[in-house]
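The numbers here are math on the coordinates, done by the rules we state, and not lab data. Because the structure is a prediction, the values reported are computed rather than measured. Here the Cβ is made from the backbone with ideal geometry for all residues, glycine too, and neighbour counts use every protein chain on show.
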Amino acid sequence: MVLDAGDLSLVKIIPVQNAAGDKSSRVSAVYDAAPRKSFVAALKDLPEVWEISYDPAAEPLADGLVHDYRYGEGHFKPAMFSPRRTQLADCLDDFFFTQSYDTILGSSRSASSGQVVQLDVRRKIASLDLPGMPHLGSGITWKWRDPAGRERMVMASPNLNAGLVTVIDLKTYQTIKQIKTLGPGFFLRSHEMSRYAFTDSMMSKENKNTLQVIDKETLEVVAQIQAEPGQTLAHVEFTRDGRYALASLWEMDGALLVIDAQTLKEVKRIPAKKPVGKYNVWNKISRSEGTSH
């Protein structure tokens with residue numbers, strides 16, 4: 001379903017079916033690829049990724065194979081709001097955009113490895129070593145120097161059923177490190193102005209009260225921030241300038257913890273009843289490396 005962002009009026013209903021029209025699917029994830037002027041959707045029951053353009057000037061879309069698009073051979077249809085399909089070997093439950101937005105890293109709950117899908121050529125280009133259930137939709141990126149001093153862009157993802165944060169080289173798509181954590185977590189956050197990344201273990205019964213801080217240079221856990229045993233401390237978001245990290249104490253007598261992102265010390269506690277669902281809009285729309293978008 002496509003809605004007008006101005007008044008939320010219905011623009012179009014797009015049936016989620018295979019090309020033959022004899023199989024339908026639920027949608028497992030859909031994200032805005034703003035630099036491409038399109039939405040990208042992963043399908044839960046069909047091994048396809050869809051790219052749906054919202055650009056009125058997008059080139060017409062070929063319906064099927066053509067010998068040479070320059071001669072207009074075959075059947076073409078308007079590209080706006082028409083799915084551009086990428087066929088895969090397995091379905092995707094979640095995915096993550098690289099900073100260029102031309103490639104996605106996807107995972108499936110039923111598979112032991114992830115897929116790297118290039119949206120321009122519309123095919124899988126690599127596999128990912130992703131044990132457990134990685135939460136790629138909460139992934140972050142940053143520039144990292146290896147022991148030889150070579151700079152490379154990496155991404156990291158928490159894991160929904162294992163105490164791991166997976167760090168992947170975005171050039172080779174090889175795993176650089178599996179960072180062990182206290183338990184399964186949902187969120188991973190950082191900021192360009194901080195050398196630290198924060199992750200939670202909110203899926204762990206014993207350690208849901210603990211945030212762990214990862215040094216993005218050494219790829220080691222260097223600190224812990226704890227609430228009282230039995231409480232849930234999770235979902236860090238950074239301020240726009242990266243000076244502070246805000247953590248949610250998910251209790252009825254909870255609070256927002258304001259943490260200095262350099263010293264890792266708590267500087268203030270703002271009382272709140274079970275604060276959930278806070279997001280820094282600026283960091284999202286500016287496509288900060290330290291947050292998902």
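Points worth noting:
- Listed residue (Ala156, Ile179, Pro271) projecting farthest to the positive dipole end of the chain, Cβ model: Pro271
- Selection from Pro35, Asn207, Tyr101, by position along the positive dipole direction of the chain (Cβ): Asn207
- Sorting Leu136, Leu257, Leu8 from the fewest to the most surrounding beta carbons within 10 angstrom yields Leu8, Leu257, Leu136.
- Comparing mean-square fluctuations of Pro271, Pro184, Pro47 from a GNM of the chain with C-alpha springs under 10 Å, the top value falls on Pro271.
- Around Glu51: net Lys/Arg minus Asp/Glu count, Cβ-Cβ under 12 Å: 0
- Amide H within-cut-off set for Tyr244, under 5 Å, with H built and near neighbours excluded: Thr239, Ala261
- Calculated translational diffusion coefficient of the range 2-129 (4 °C, 1.567 mPa s; Stokes-Einstein with Kirkwood radius over alpha-carbon pairs) equals 84 µm²/s.
- Each listed q (0.15, 0.20 Å⁻¹) maps to a log10 I(q)/I(0) for the range 136-285 from the Debye sum over equal C-alpha point scatterers, namely -0.73, -1.27.
- Fluctuation leader among Ala57, Ala223, Ala29 - the chain, Gaussian network, Cα springs under 10 angstrom: Ala57
- If only the Cβ of Lys and Arg carry +1 and only the Cβ of Asp and Glu carry -1, the dipole of the chain around its Cα centre is close to 320 debye.
- Kirkwood-based Rg to Rh ratio, the range 98-213, C-alpha trace: 0.97
- All alpha carbon pair distances within the chain were sorted into 10 Å bins beginning at 0; the resulting P(r) in whole percents reads 6, 26, 31, 22, 11, 3, 1.
- Under the combined filter of DSSP loop state and at most 16 neighbouring Cβ atoms within 10 Å, the range 71-146 retains these trypsin sites (Lys or Arg not before Pro): Arg109, Arg122.
- For the chain, relative contact order (Cα pairs under 8 Å, six or more residues apart, normalised by length) works out to 9 percent.
- GNM remark for the chain: springs join alpha carbons under 10 Å apart, and the peak mean-square fluctuation among Val167, Val16, Val116 falls on Val16.
- Euclidean distance between Cα centres, the range 237-286 to the range 19-64, Å: 35
- Long-range amide H partners of Glu48 with built H, under 5 Å: Leu43, Leu88, Leu92
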